[in-house]
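Below is one structure; the comments refer to it alone.
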Amino acid sequence: AVSSTASQVGGALTYTIDVTNSGPSSASNVVVTDTLPVGVTFVSGTGPSGEVLTEVGGVVTANVPTMAAGTSGTMTITVNIEAGAASSITNNVVVSSDTGDSNTVNDSAVANTTVDPKVSSISGTVFIDINDNGVQEAGEGPIENVQITLTGTDLLGAITAQVVFTDANGDYSFTSLAQGTYEVTEEQPSPFREGQVVVGVNATADIGTNRFTNLVLGESTDASGFNFAELNQVLSKRLLLAIPYYAGI
């Protein structure tokens, strides 16, 4: 029998393979052959006797010199799900022996695993925070065309770097992300002054100057409300004096 744990693109997947000799006699030179599915990368494996397994050409093999009747052995194989893997992947396992087997029906098994796509996201808004309370309220408009940069590393160590610009509503979003740890940085929009950096929901993060750091994004998570609140420009006395005054006629 072979079983697996469900996984997300970029995540780890473990196959557990149980091999049993139902008898009536001992089996010699038992060979367990696991043909891994396309779209995974072998990480590690442990054989029925605790031996370290390796992979060659997408195939992992374990050898048991002798298996007595009525005994069992377990092997485990861990792989990583690659980007572009199919939504369903199949692992095939076959067991053979030099000892004749009157029942070959149970000499093979498959494990079908559903692979979740990268469906996590990070989003927020850039807006004018007139009263500097970090909340967008009536009369506090959006700021359009602000550059927002995403960097980070997913759980497999893959590095992400993306740049977007806020839309007419001041909104930005990064989609199709795997779980990982990210940083979101705002380029300070002119002529506004730096305001509050507001942590949203469904993810944790530290805040810095115009940025969120250590933003921990989970699997299938919509991390929203990671906002940048900006303050209006302060006019100096000199600038005020330079503004012409036109009296009505």
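The values are calculated or read from the model by the stated rules, or taken from the named source; none is laboratory data. Quick caveat: nothing in here was measured; it's all calculated off a predicted structure. Reconstructed Cβ throughout: ideal geometry from the backbone, glycine too, with neighbour counts over all protein chains shown.
Tabulated results
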| read-out | value |
| --- | --- |
| Unique match (being modelled with pLDDT of 95 or more and either β-branched (Val, Ile, Thr) or more than 22 Å from the chain's Cα centre (by Cα) (or both)) among GLY23, GLY45, GLY73, GLY50 | GLY45 |
| ASP129 vs. criteria within 30 Å of GLN162 (Cα to Cα), surrounded by 13 or more Cβ atoms within 10 Å (Cβ to Cβ), in contact with a strand residue (DSSP E or B) (Cβ under 9 Å, 6 or more places away or on another chain) and among the acidic types (Asp, Glu) | yes |
| Only listed residue being within 30 Å of ALA178 (Cα to Cα), of a type outside the set (D, E, K, R) and either in contact with a strand residue (DSSP E or B) (Cβ under 8 Å, 6 or more places away or on another chain) or loosely packed, with under 15 Cβ neighbours inside 10 Å (or both), chosen from GLY23, GLY11 | GLY11 |
| Meets criteria (farther than 20 Å from SER28 by Cα, β-branched (Val, Ile, Thr) and without any contact (Cβ under 8 Å) to a residue 60 or more places away in the chain) for THR113 | no |
| Number of the condition not met by SER220 [criteria: (1) part of a strand (DSSP E or B); (2) within 21 Å of GLY84 (Cα to Cα)] | (1) |
| In the stretch 164-209, the residues that are more than 19 Å from SER120 (Cβ to Cβ), crowded, with 18+ Cβ neighbours inside 10 Å and not acidic (Asp, Glu) | THR166, GLY170, PRO189, PHE192, GLY195, VAL197, VAL198 |
| Within the stretch 99-187, strands (runs of 3 or more DSSP E) holding 2 or more residues that are hydroxyl-bearing (Ser, Thr, Tyr) and under 19 Å from the mean Cα position of the chain (by Cα) | 108-116, 120-128, 147-154, 171-177, 180-186 |
